[in-house]
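S.K.: Structure provided below as structure tokens; questions to follow.
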Amino acid sequence: MPLHHAVLALLADKPAHGYELRSSFEQAVGDQWGGLNIGHLYQILDRLSRDGLIESQRQPQPVKPDRVVHHLTPAGRAELDRWLSEPSPRLRGYRDDFFLKLMAAVQAGDPQTLDGVVRRQRAHLLRELHSLAEARRQEPSGVVELLITAAELHIRADLGVVDAAEKKLEPELASMKTHSPKARRPGAATAGPAPTAGPAPTAGPAPTAGPAPTAGAAGSASPAKSAAG
């Protein structure tokens, strides 16, 4: 629980009340960590008190409500020393919202959706790098400057992941879309080859006319019968 131990570290310096602790925390780590919600801080203080790591004392004020001042116990000091003596392991797995968006874009099967996710993430990371450069120009404390350096290194690594996603996933998705059965119109039959016309029938030889019938010898007209008799 890093925030719990950070509160122990602040109380190891001196006793403090809630708003004082929040101000000290934000001053110590700078804007890169983000603000500490006062409600969350009071939950942490309550948990540390129940665990016997801090003790709290109510101090009355003449005009304002009573102020509760917290200080570290010997058990709290031992817990802080134990935490500082151990390495900081990465939480199990690698969880990042960008990876969930990549998964959703690939599931959608649309190269344009994936391209939009990649381009927007790259533009966002470049804006963050620009903001970090502005923060560095403010000449922060050594701890805050180190946090800025860590943030820059993380962002440059994230940019490398964006480049890798573009190189790996976009061609793969385009290939999947090309070979997917969804790319073909359902029920569209592919036209077979056009039938080739058979050879034109060749005309048979023209029938030849038979020999013209020859006129019979004009039968020499039979001799005319002689006149009667």
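The values are calculated or read from the model by the stated rules, or taken from the named source; none is laboratory data. These numbers were taken from a predicted model, which means no experiment stands behind them. Cβ atoms come from the backbone with ideal geometry, glycine included; neighbour counts cover every protein chain shown.
S.K.: Sort out which residues of region 1-46 are surrounded by 12 or more Cβ atoms within 10 Å (Cβ to Cβ) and among the acidic types (Asp, Glu), and write them in order of number.
M.R.: Result: Glu20, Glu26, Asp31, Asp46.
S.K.: Please find, within region 119-152, the residue that is surrounded by the fewest Cβ atoms within 10 Å (Cβ to Cβ) out of those that are at pLDDT below 90 and outside any helix (DSSP H, G or I).
M.R.: Looking at residues that are at pLDDT below 90 and outside any helix (DSSP H, G or I), I get Glu139.
S.K.: Oh, and also: Looking at Val7, Val68 in this structure, which one is outside the structural domain of His124 (by TED's automatic domain parsing), in contact (Cβ under 8 Å) with a residue 24 or more places away in the chain and touching a Ser or Thr at 6+ places or on another chain (Cβ under 8 Å)?
M.R.: Details: Val7 fails: touching a Ser or Thr at 6+ places or on another chain (Cβ under 8 Å).
Among Val7, Val68, only Val68 is outside the structural domain of His124 (by TED's automatic domain parsing), in contact (Cβ under 8 Å) with a residue 24 or more places away in the chain and touching a Ser or Thr at 6+ places or on another chain (Cβ under 8 Å).
S.K.: Next question, about the same structure. Among the residues of region 102-147, how many are touching a Gly at 6+ places or on another chain (Cβ under 9 Å) and closer than 13 Å to Asp163 by Cα?
M.R.: 0
S.K.: Right, here's the next one. Would a scan of region 125-141 turn up a residue that is of a type outside the set (S, T, N, Q), in contact with a Leu (Cβ under 9 Å, 6 or more places away or on another chain) and touching a residue at least 60 places away in the same chain (Cβ under 8 Å)?
M.R.: The first filter runs over region 125-141 and keeps only residues of a type outside the set (S, T, N, Q), leaving 125-130, 132-137, 139-140.
Okay, now just the ones that are also in contact with a Leu (Cβ under 9 Å, 6 or more places away or on another chain), so 125-126, 129, 140.
Among the residues that remain, those that are also touching a residue at least 60 places away in the same chain (Cβ under 8 Å) are: 140.
The answer is yes, given that some residue of region 125-141 is of a type outside the set (S, T, N, Q), in contact with a Leu (Cβ under 9 Å, 6 or more places away or on another chain) and touching a residue at least 60 places away in the same chain (Cβ under 8 Å).
S.K.: Now a separate question. Could you please let me know if Ser24 is modelled with pLDDT of 85 or more and either within 30 Å of Ala133 (Cα to Cα) or part of a helix (DSSP H, G or I) (or both)?
M.R.: Numbers: modelled with pLDDT of 85 or more: yes; either within 30 Å of Ala133 (Cα to Cα) or part of a helix (DSSP H, G or I) (or both): yes.
When the stated conditions are applied, Ser24 passes them.
S.K.: Would a scan of region 71-85 turn up a residue that is outside any helix (DSSP H, G or I) and either among the basic types (Lys, Arg) or at pLDDT below 90 (or both)?
M.R.: So far as region 71-85 goes, yes, one or more of its residues are outside any helix (DSSP H, G or I) and either among the basic types (Lys, Arg) or at pLDDT below 90 (or both).
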